[in-house]
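The structure appears below as structure tokens.
Coordinate-derived values only; no laboratory data. What you see is a predicted model, and the numbers here were worked out from it, not measured in a lab. Neighbour counts run over all protein chains shown; Cβ positions are idealised from the backbone, glycine included.
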Amino acid sequence: MMLPISVCLIAKNEEQHIEECLKRLKPYHYEIVLVDTGSTDATLEIAAKYTDRIYHVDWINDFSAARNEAVRQASNDWILSIDCDEYLECIDEKELSLLMQKYPEGAGRILLRNRFRQDGQPAIENVRLCRFFNRRCYHFAGAVHEQVTRKTAASSIHTFAAPITALHVGYDGSEEKMREKALRNITLLKQMLATSGPDAYLYYQLGQSCMRLKDYDSAYEWFNRGLSMDIDPGEDYVQNMVEAYGYCLLDMKRFQEALQLENIYDTFAVRADFVFLMGLIYMNNALFAEAVEAFGKSASMEQFSVEGVNSYRAYYNIGVIYECTGHLEEAVKYYRMCGDFEMAKARLAAIAGK
């Protein structure tokens, strides 16, 4: 079964990633459409091995413009939009075919697994993003952190969970590249704000970019602006913004202020990430009993974004609390529950050497 899908990508100097990206798409035999915005490396040479649908546009500081051009050049109405640093892991084509028939005017939220480093250790964050859609109904909007939106403003977007998973390796880049990307995004986001006026989603993205620069004072201000607006707690980005705001407060060592997130606990404790965050907040306020309870609860929850917050990362922090309070037997128990988590293995080795 070959589904009528066009995979659309935009690229500029992506020789580091594009081979792996296209290699993983090849077994599905989907049409691949690439729009290049000015590559000077081997990107085009590599891409030509996998597709002859390669187009060139001038870069005008607008990601949506480039993406929409790729969509326009596609032969099929159903579009899967991915980046060159996103590697397809799996697609359930049978299930996807049924969903395409069931929701002809819907937009599919693919599962994107963001690989990054946390506390010096590799980590994975799972997010669902609208990347699969029918171009007759949808297009991209926004110069940066572009979103799939309805072409007809009066119509609301209907989303479904698309059985598509991809690994995003873009955060694996050098510190300098990440800094350049964050600074570029901040410039574009501020330009969008100047045009659109106050926008909670743009404030959230500005806060995230500032967090990547470790500019916590600016991130704090942007998050505060976003959270002070009339926002829907059910939106994915709002949940992410609340959690990012909490981590920002911890990075700024504003531990008492972070405790105020207790006031919205019932609203946002719908996944392990927020409950895990509360455990860290309690921990940093020396409320150890409350922290152990929060980590224990997060370890029992099914819904999560960052892998480990509902398992080994929660157990590790319980172990740290027990070790620091002199309960070594309990600490060892929880460290062992962390499996191959390197930080836990290091603590077990340190305890064994005492």
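Things to note:
- The mean sequence distance of close C-alpha pairs (under 8 Å, at least 6 residues apart), as a share of the length of the chain, puts its relative contact order at 11 percent.
- Neighbourhood charge, 13 Å Cβ-Cβ cut-off, centred on Cys324 and excluding it, Lys, Arg +1 and Asp, Glu -1: -1
- Kirkwood-based shape ratio for region 122-172, expressed as Rg/Rh from alpha carbons: 1.03
- Those residues of region 117-150 whose amide nitrogen sits under 15 Å from the label point placed on Asp77, 7 Å along Cα→Cβ: 133-139
- Under 21 Å from Lys333, Cα to Cα: lysines that are on another chain or at least 8 residues apart: Lys297, Lys345, Lys354
- For region 104-255, fraction of C-alpha pairs farther apart than 24 Å, in %: 38
- Taking label positions 7 Å along the Cα-Cβ direction at both Lys26 and Lys102, the computed distance is 3.4 nm, reported to one decimal.
- Only beta bridges with both residues in the chain are counted; by DSSP, about 55 percent of them are antiparallel.
- Counted charge near Ala66, where neighbours are those whose Cβ lies closer than 10 Å (Asp, Glu -1; Lys, Arg +1): -3
- Overall Cα dimensions of region 180-276 - principal axes, largest extent first, Å: 35, 27, 19
- GNM flexibility winner over the chain from Ser218, Ser298, Ser97 (Cα, springs under 10 Å): Ser97
- Residue with peak Gaussian network fluctuation, the chain [Cα springs, cutoff 10 Å], from Met283, Met178, Met229: Met229
- Gained length - Ser156 relative to Tyr265, 0.36 nm times residue gap less alpha-carbon distance: 36.3 nm
- Region 107-206 - percent relative contact order, Cα under 8 Å, separation 6 or more: 30
- Enclosed volume per residue, in Å³, of the convex hull spanned by Cα atoms of region 63-164: 119
- Here His327 and Lys94 are evaluated by their C-beta separation; at R0 = 56 Å the FRET efficiency comes out at 0.65.
- Principal-axis tilt of helix 288-298 within the chain, Cα atoms, nearest 10 degrees: 40
- Taking the chain as a Gaussian network of alpha-carbon nodes connected by springs under 10 Å, the highest mean-square fluctuation of the residues Ile157, Ile82, Ile32 belongs to Ile157.
- Judged by the mean number of other Cβ atoms found within 10 Å, the most tightly packed of the peptides 249-258, 268-277 leads the ranking 268-277, 249-258.
- Whole-Å distance, taken between Cα centres, linking region 194-213 and region 163-178: 20
- Between region 286-333 and region 42-67, the Cα center-to-center distance that results, in Å: 46
- Net dipole in debye of the chain [+1 Lys, Arg Cβ; -1 Asp, Glu Cβ; about Cα centre; nearest 20]: 300
- Amide H contacts under 5 Å for Tyr87, placed H, 5+ residues apart: Leu167, His168, Val169
- Antiparallel content of DSSP bridges confined to region 87-218, in %, to 5: 75
- Share of pairwise Cα separations in region 164-229, more than 20 Å, in percent: 33
- Projected area averaged over orientations for region 218-338, convex hull of C-alpha atoms, nm²: 7.3
- Computed log₁₀ I(q)/I(0) - Debye formula, equal Cα scatterers, no solvent, the chain, q 0.07, 0.10, 0.14 Å⁻¹: -0.35, -0.70, -1.24
- Lysine pairs meeting the criterion (Cα under 21 Å, 8 or more apart or interchain), as found in region 1-151: 8
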